[in-house]
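J.: Questions regarding the structure given below will be posed in turn.
What follows draws every value from the coordinates through simple rules; no lab data is involved. Remember, predicted model here, so these are calculated numbers, not experimental data. Because the Cβ atoms are built from the backbone with ideal geometry, glycine has one as well, and the counts that use them run over all protein chains shown.
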Amino acid sequence: MGGVYVPSQFGVVFLPLAPVQVSPGDTLRVTCRYSHYGAAEDVVLYAAIGNHGWAGFDEVLKGSKTVSVPEDLAWTNHEDYVDIVVSAKAPGYYDLYAKIDGGIPRVTSPVLQDVIELLAEVTESEFGEIAITGCAGVEAG
């Protein structure tokens, strides 16, 4: 049986835009949609939060996992996710991107700017004020 070998190719990685707040100890789940055409293979799906600037993307936190992509004889959309465990970093807004890696990235998403807000780590418990809101006699009984 004859056939033509079609090498595996990837299209744009898509990240839905949904700003989210996370705190140290949380897990940020980054869901990605990507297109694929070609042979089945295992690839690394990778995502990172950080700061995007003139010198590139400065990664602060990252996550990755191996994804098994089936053979696709036409361009086909797939969706998967990467978890990033959030550790204590400087609070503020961070950028997000994802890629399908293979040494040199096969395809990289656009950078989404200021979509992750890292909240400050809460280490102490404090009380502000107290007020009496009522009192009543209660029968013994």
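J.: Please find, in a Gaussian network model of the chain (springs between Cα atoms separated by less than 10 Å), the residue of ALA131, ALA47, ALA120 whose mean-square fluctuation is greatest.
T.: Ranking ALA131, ALA47, ALA120 by mean-square fluctuation puts ALA131 first.
J.: If you average the sequence gap of Cα pairs under 8 Å that are 6 or more apart and divide by the length of region 9-118, what percent do you get for the contact order?
T.: It comes to 36 percent, rounded to a whole number.
J.: Output the Cα-based Rg and Dmax of region 47-115 in Å, rounding Rg to one decimal and Dmax to a whole number.
T.: 14.0, 46
J.: How big is Rg to Rh over the chain, alpha-carbon atoms, Rh as the Kirkwood inverse-mean-distance radius?
T.: Result for the chain is an Rg/Rh of 1.29.
J.: Could you tell me which of VAL85, GLY50, LEU96 has its Cα farthest along the dipole of region 9-118 towards the positive end, charges placed at Cβ (Lys, Arg +1; Asp, Glu -1), taken about the Cα centre?
T.: It is GLY50, whose Cα lies furthest towards the positive end.
J.: On to the next question. What chymotrypsin sites (Phe, Trp or Tyr not before Pro) in region 13-102 are in a loop by DSSP, with at most 10 other Cβ atoms within 10 Å of the Cβ?
T.: TRP54
J.: Say each of ARG33 and TRP54 gets a label point 7 Å from the Cα, pointing the same way as Cα to Cβ; how far apart are those two points in nm?
T.: 3.6 nm
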